[in-house]
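Reviewing the structure listed below.
The values are calculated or read from the model by the stated rules, or taken from the named source; none is laboratory data. These numbers were taken from a predicted model, which means no experiment stands behind them. When we count neighbours, we look across all protein chains shown, and the Cβ atoms used for this are built from the backbone with ideal geometry, even at glycine. Areas reflect the complete protein model, heavy atoms only, side chains present, ligands, DNA and RNA absent. Shrake-Rupley method; radii C 1.70, N 1.55, O 1.52, S 1.80 Å.
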Amino acid sequence: MGCDVLCVDNFYSGTKDNVAHLLGNPCFELMRHDVTFPLYVEVDEIYNFACPASPVHYQWDPVQTTKTSVHGAINMLGLAKRVKAKILQASTSEVYGDPQVHPQRENYWGHVNPIGLRSCYDEGKRCAETLFFDYHRQHSLQIRVARIFNTYGPHMHPNDGRVVSNFIVQALGNKDITIYGDGSQTRSFQYVDDLIEGMVRLMENAVGFIGPVNLGNPVEFTIRQLAEKVLRLIPNSTSKLVFNDLPADDPIQRKPDISLAQEKLDWAPRVPLDEGLTRTIDYFRRKLGSV
Ligand SMILES: NC(=O)c1ccc[n+]([C@@H]2O[C@H](COP(=O)([O-])OP(=O)(O)OC[C@H]3O[C@@H](n4cnc5c(N)ncnc54)[C@H](O)[C@@H]3O)[C@@H](O)[C@H]2O)c1
């Protein structure tokens, strides 16, 4: 798009490897910085993605997770206010908690446990949304809020416990594929390129639509179906399915209603699960050196 990009990361759950291919590009700059501290730079747009996103990472240091969402939002909103930048928040379907309505629309307020193991992430993101909307109302900041549903693709961390990377890494290593519960809980899986297209449309939309807006793939699969698909796409794997206890507060069903994104952004996901999984499996094959 011809933009200069300043990538800010403290490498808490990301790695420099993920952007190594961009380091020689004169339009790209990398800065090690923790967003819980103020940042003084000059920018026109801010995409606030900083936050560990998998339970393994966000529960490792839950206080830091809440700080990243809340102090990070305050610092980035302060920066946006100072330089009059447009700012987009990567919020999450977790703001709906364990939802009592399906599929979830943006006007659903959620069903969230405020004191559980997942609360540092869920409530941190909910508070960040509050801050975004108060900066908008109080300081007329140009905000955008995307509620991202389960997204996967190349460059995921191999050990972060997320279901797609977990199953692929297990299948490539011929290890048991661990399913929590009986595998009948459903998820919808969005390929990363679809999400990026949606977020750029949200940031750039000319009518000033700010959200919150769901960005996710509404096609549902059970966790068991996902495991079986991964095994079909890695036919020489000798992995078997094994079933463990469900973790606390794990939602039974999660599916976005994306009619608002379709209407306001003319956006819908395009990459089918098989194609996205194939690209992600290729990435992990190269990364893990397996055949
Ligand atoms: N992947 C998904 O399914 C999903 C779903 C909903 C929301 N999101 C949101 O999208 C964003 C990106 O998620 P992801 O899946 O790419 O996760 P990720 O862990 O790969 O990326 C998060 C990045 O933020 C960095 N980070 C963490 N704390 C930081 C801090 N204090 N200061 C600076 N950098 C920090 C990490 O090092 C990492 O590079 C997150 O905000 C996440 O909550 C992701």
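For this structure, a couple of remarks:
- The residue list THR65, ASN214, VAL164 was ranked by how far each Cα lies along the charge dipole of the chain toward its positive end, using unit charges on Cβ atoms, and VAL164 comes out on top.
- Length-normalised contact order of the chain in % [C-alpha pairs under 8 Å, at least 6 apart]: 19 percent
- Put simply, the convex hull of the Cα atoms in region 167-227 casts, on average, a shadow of 5.5 nm².
- Using C-alpha pairs under 8 Å with a sequence gap of at least 6, the mean separation divided by the residue count of region 151-291 gives a relative contact order of 38 percent.
- Residue-normalised accessible area of the chain, expressed per residue, 1.4 Å probe, Å²: 49 Å²
- In this simple spin-label approximation, VAL56 and VAL41 carry label points 7 Å from Cα along the Cα→Cβ vector, and these lie 2.8 nm apart.
- A Förster radius of 41 Å combined with the Cβ-Cβ distance from VAL83 to VAL242 puts the calculated FRET efficiency at roughly 0.20.
- Residue-span extension gain [GLU204 to VAL19] - 0.36 nm each, minus C-alpha spacing: 64.2 nm
- Spatial separation of Cα centroids for region 84-125 and region 142-219, in angstrom: 15 Å
- Positive-end extreme of charge dipole, the chain - chosen from SER188, PRO269, GLN225 (charges on Cβ): GLN225
- Eligible lysines near LYS84 by straight Cα distance, threshold 25 Å, same-chain separation 8 or greater: LYS67, LYS125, LYS264
- Straight-line reach from LYS229: taking Cα to Cα under 23 Å and skipping same-chain neighbours fewer than 8 places apart, the lysines in range are LYS175, LYS240, LYS255, LYS287.
- Dipole size of the chain about its Cα centre, with +1 on Lys/Arg Cβ and -1 on Asp/Glu Cβ: approximately 160 debye, rounded to the nearest 20.
- Approximate spin-label separation VAL219-ILE115, in nm, with each point projected 7 Å along Cα-to-Cβ: 4.3 nm
- Here each label is just a point 7 Å from Cα along the line to Cβ, and for ASP4 and GLN142 those points are 1.8 nm apart.
- Low-density loop cleavage sites - trypsin sites (Lys or Arg not before Pro) in region 35-130, where at most 16 other Cβ are within 10 Å (DSSP): LYS84, ARG105
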